[in-house]
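The values are calculated or read from the model by the stated rules, or taken from the named source; none is laboratory data. Computed from a prediction, not measured in an experiment: that's the story for all the values here. All Cβ positions, glycine included, derive from the backbone under ideal geometry; neighbour counts span all protein chains shown.
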Amino acid sequence: MRAGLRKGSTVTALTDVASSAATTPEPSPPPARGARTPLRERFPGFALPALVWYAVFMIGPVVAMVVIGFLSWPGMLVEPGFAGLSNFGRVLADEKFWAAAGNSAVQIVVGLPVMIVLAFLLAFYVVQKPRGHRVMRYLLFIPALISAPATAMVFYAILNPDGLLNGVLRPFGLDGTAWLANPSTALGAIIAVELWSGIGYSAVLIAARLDGVAPEIVQAARIDGAGDWRIAWGMYWPIARDFIGVVTMLQFLSMLFNSAQTVLLLTQGGPGTSTTTLSYLVYRKAFVETDLGYSQAVGLILFVLGLLGMGAIRRVLRASH
Amino acid sequence: MARTALRPRRDRVGSITSGALAWIYCALLVVPLYYFVVSSFKDNEQIFESPLALPGTWDLSNFGTAIDQAELVLAVANSVITTVAALVLTLLLALPASFALARSNGRLGRFVENVFALGFLIPSFAALFPTFLLAASLGLFHSRTFVVFLLPATALPLSIVILTSFMRAIPRELEEAASMDGASALQVLRQVYLPICVPGIATVLLLNFLSFWNAYLYPLILIGPDTAQRTIQVALPTLKVDAGTDYGVLMAGTLFTLLPVYLVYTVLQRQMQRALISGAVKG
């Protein structure tokens with residue numbers, strides 16, 4: 001979950017990228033060893049408990065999710081029956097699903113690029129070591145420490161009709177609104193909360209990569225008269241591109257899957273369906289409406305969308321060198 | 001910005017934009033935090049009237065109310081128990097596994113490693129409902145125990161990737177010397193590998209501390225509302241009431257929730273930053 005998540009799944013990332021980015025060298029091919037430890041070498045027995053644990057608590061539920069997606073299971077106490085593809089038919093014919101898909105799409109198509117571009121610019125600024133960069137690095141980390149409920153409670157206080165935001169707007173003669181209860185601002189508010197907590201952490205991660213860029217190249221470019229903008233986008237961006245891809249995937253997964261927490265805490269998907277995202281729909285159908293087959297069918301669709309999205313991000317932000 | 005203006009070769013527009021952006025974002029980070037800290041000492045009227053003013057008195061009564069109303073002390077105790085138990089279990093599972101994977105050269109070892117690495121792709125949240133069924137079928141529904149079992153599973157992929165990469169860096173000769181002296185595999189792990197891996201273990205502990213302490217949906221669904229069992233993250237939102245939330249109390253409760261994490265961050269700032277960065281990079 002975000003911090004829980006977030007960090008739990010913050011931490012989610014990609015295998016293939018990881019292996020290419022791994023800093024540790026592969027172990028050198030084993031020298032011919034005596035017959036003393038052959039089994040231990042070939043069979044990692046000590047990994048068995050972790051493997052079993054992992055299979056039971058993580059892989060098992062995912063497999064079950066796939067199975068339940070094909071079951072007709074209209075309530076916890078009802079005996080489930082095989083449904084074939086009918087859950088998917090129901091899902092695809094449901095306006096709510098399309099509303100949720102639209103909200104998730106807006107969230108990702110608008111939120112993700114904004115987050116990554118701002119995080120990159122922030123990282124670029126911090127890496128130049130301007131005055132106060134230490135304070136800045138300290139501050140940027142703070143949202144990564146705060147749990148989803150705590151973040152949500154702070155923003156609940158800020159965005160309520162008598163909250164900070166309207167209080168700040170009032171002296172300027174601007175009338176605020178009930179940001180979370182107004183259908184035209186609610187989704188924007190959810191995205192803003194995610195940006196608030198996601199930009200800083202992404203920036204710190206990207207800055208860690210930019211720190212590794214040799215200062216000599218940048219110096220040389222400056223002497224040739226390159227401005228900050230060109231140095232940022234012409235040098236730092238291409239160098240850090242594959243890594244920014246990893247950060248993008250991380251935040252993509254977090255937005256796609258963990259937004260359910262923020263939505264649950266702030267708006268419960270409303271007003272109407274204006275903040276129902278796909279992951280919140282999975283939650284709602286399972287635990288509020290107990291339409292279990294439907295819920296898990298959406299879960300499966302979400303799962304596939306997650307994989308497709310990561311593939312797309314990888315394609316767009318593939319290392320250019 | 002004054003400093004950048006002195007550098008003639010800089011493209012001023014560019015640097016001013018990214019500098020301004022950076023400080024605006026920092027202000028956006030700080031203002032909500034400031035707002036919620038001062039609000040926790042005020043009542044609703046003061047919060048609505050003058051949201052950014054310092055409180056007239058540093059009155060702690062909101063904290064008392066929040067702690068009583070949501071039974072936060074009990075909730076903190078539950079969070080501590082859950083987090084510590086889950087951390088211990090994570091290490092008990094991940095350390096031997098990483099040890100075995102770091103030393104194995106066979107195809108099987110590679111396969112097991114890939115299974116864990118693929119775990120990054122599993123959005124476990126989508127499978128929340130089957131997880132709930134699992135808890136029910138084990139008879140552990142509505143208890144902390146199941147969450148203590150579950151959280152390490154969510155943390156295993158990253159923990160194993162980090163620890164394995166640490167253990168790979170340990171020269172084989174060290175281990176061979178120990179084996180020569182007749183040490184068993186377990187002794188080799190304890191006496192050779194563990195001491196060298198302390199930084200890796202610290203990283204894993206810090207990362208998982210954050211994610212376990214901050215976990216919300218799993219405890220919400222699996223432990224439920226029982227005040228004797230629920231964690232701090234589940235208890236906190238109960239201070240928000242649909243009609244007539246006392247914002248001062250809510251903010252006081254939020255501040256109370258954040259204190260443990262903030263204390264750890266202040267003491268171990270460097271290590272924590274490094275842990276979070278390496279967590280994402282290794283992942």
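Per-structure values
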{"read-out": "Test: residue in region B:197-210 that is under 28 Å from the mean Cα position of the chain (by Cα), at positive phi and not hydrophobic (A, V, I, L, M, F, W, C)", "value": "no"}
{"read-out": "Boolean, B:PHE149 is assigned to a helix (DSSP H, G or I), buried (at least 23 other Cβ atoms within 10 Å of the Cβ) and at pLDDT 80 or above", "value": "no"}
{"read-out": "Any hit, region A:189-209, residues being more than 9 Å from chain B (Cβ to nearest Cβ), assigned to a loop (DSSP other than H, G, I, E, B), under 30 Å from A:LYS129 (Cα atoms) and out of contact with any Ser or Thr (no Cβ under 8 Å at 6 or more places or on another chain)", "value": "no"}
{"read-out": "Filtered residues of region B:240-262 (kept if at pLDDT 85 or above and of a type in the set (A, V, I, L, M, F, W, C))", "value": "B:VAL249, B:LEU250, B:MET251, B:ALA252, B:LEU255, B:PHE256, B:LEU258, B:LEU259, B:VAL261"}
{"read-out": "Any hit, region A:211-225, residues being surrounded by fewer than 24 Cβ atoms within 10 Å (Cβ to Cβ), of a type in the set (Gly, Ala, Ser) and touching a Phe, Trp or Tyr at 6+ places or on another chain (Cβ under 8 Å)", "value": "no"}
{"read-out": "Residue list for region A:267-304, filter: of a type in the set (S, T, N, Q) and either buried (at least 24 other Cβ atoms within 10 Å of the Cβ) or part of a helix (DSSP H, G or I) (or both)", "value": "A:THR275, A:THR276, A:THR277, A:SER279, A:SER295, A:GLN296"}
{"read-out": "Options B:ALA85, B:ALA77: the member that is within 30 Å of B:ARG144 (Cβ to Cβ), more than 11 Å from chain A (Cβ to nearest Cβ) and touching a residue at least 40 places away in the same chain (Cβ under 8 Å)", "value": "B:ALA85"}
{"read-out": "Residue under evaluation A:ALA105, criteria (1) under 14 Å from the mean Cα position of the chain (by Cα); (2) touching a residue at least 12 places away in the same chain (Cβ under 8 Å); (3) surrounded by fewer than 20 Cβ atoms within 10 Å (Cβ to Cβ), criterion not met", "value": "(2)"}
{"read-out": "Candidate set: region B:91-105, residues that are within 16 Å of B:GLN187 (Cα to Cα) and surrounded by fewer than 23 Cβ atoms within 10 Å (Cβ to Cβ); chosen: the one farthest from the other protein chains (Cβ to nearest Cβ)", "value": "B:LEU92"}
{"read-out": "Residue ID - modelled with the highest pLDDT, chosen from residues in region B:48-79 that are among the aliphatic types (A, V, I, L, M) and closer than 22 Å to A:ILE142 by Cβ", "value": "B:VAL76"}
{"read-out": "Members of region B:164-184 that are of a type in the set (A, V, I, L, M, F, W, C), part of a helix (DSSP H, G or I) and touching a residue at least 24 places away in the same chain (Cβ under 8 Å)", "value": "B:PHE166, B:MET167"}
{"read-out": "Selected residue (criterion: farthest from A:VAL246 (Cα to Cα)) from residues of region A:77-102 that are among the aliphatic types (A, V, I, L, M) and surrounded by 14 or more Cβ atoms within 10 Å (Cβ to Cβ)", "value": "A:ALA83"}
{"read-out": "Total residues in region A:137-165, condition touching a residue at least 12 places away in the same chain (Cβ under 8 Å) and not in a loop (DSSP other than H, G, I, E, B)", "value": "17"}
{"read-out": "Pick from region A:109-128, criterion more than 14 Å from every other protein chain (Cβ to nearest Cβ) and in contact (Cβ under 8 Å) with a residue 24 or more places away in the chain, ranking: surrounded by the fewest Cβ atoms within 10 Å (Cβ to Cβ)", "value": "A:VAL110"}
{"read-out": "Of all residues making up region A:166-188, the number that are over 24 Å from the mean Cα position of the chain (by Cα), surrounded by fewer than 20 Cβ atoms within 10 Å (Cβ to Cβ) and in a helix (DSSP H, G or I)", "value": "6"}
{"read-out": "Odd one out for A:ARG318 among (1) buried (at least 20 other Cβ atoms within 10 Å of the Cβ); (2) at pLDDT below 85; (3) more than 11 Å from chain B (Cβ to nearest Cβ)", "value": "(1)"}
{"read-out": "Residues that are at the interface with another protein chain (Cβ under 8 Å from one of its Cβ atoms) and part of a helix (DSSP H, G or I), drawn from region B:191-233", "value": "B:LEU207, B:LEU210, B:SER211, B:PHE212, B:TRP213, B:ASN214, B:LEU217, B:TYR218, B:ILE221, B:GLN233"}
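The rows are residues; the columns are (1) crowded, with 23+ Cβ neighbours inside 10 Å; (2) acidic (Asp, Glu); (3) under 23 Å from the mean Cα position of the chain (by Cα).
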residue: B:ARG190; (1), (2), (3): no, no, no
residue: B:ALA243; (1), (2), (3): no, no, no
residue: B:THR254; (1), (2), (3): yes, no, yes
residue: B:VAL261; (1), (2), (3): no, no, yes
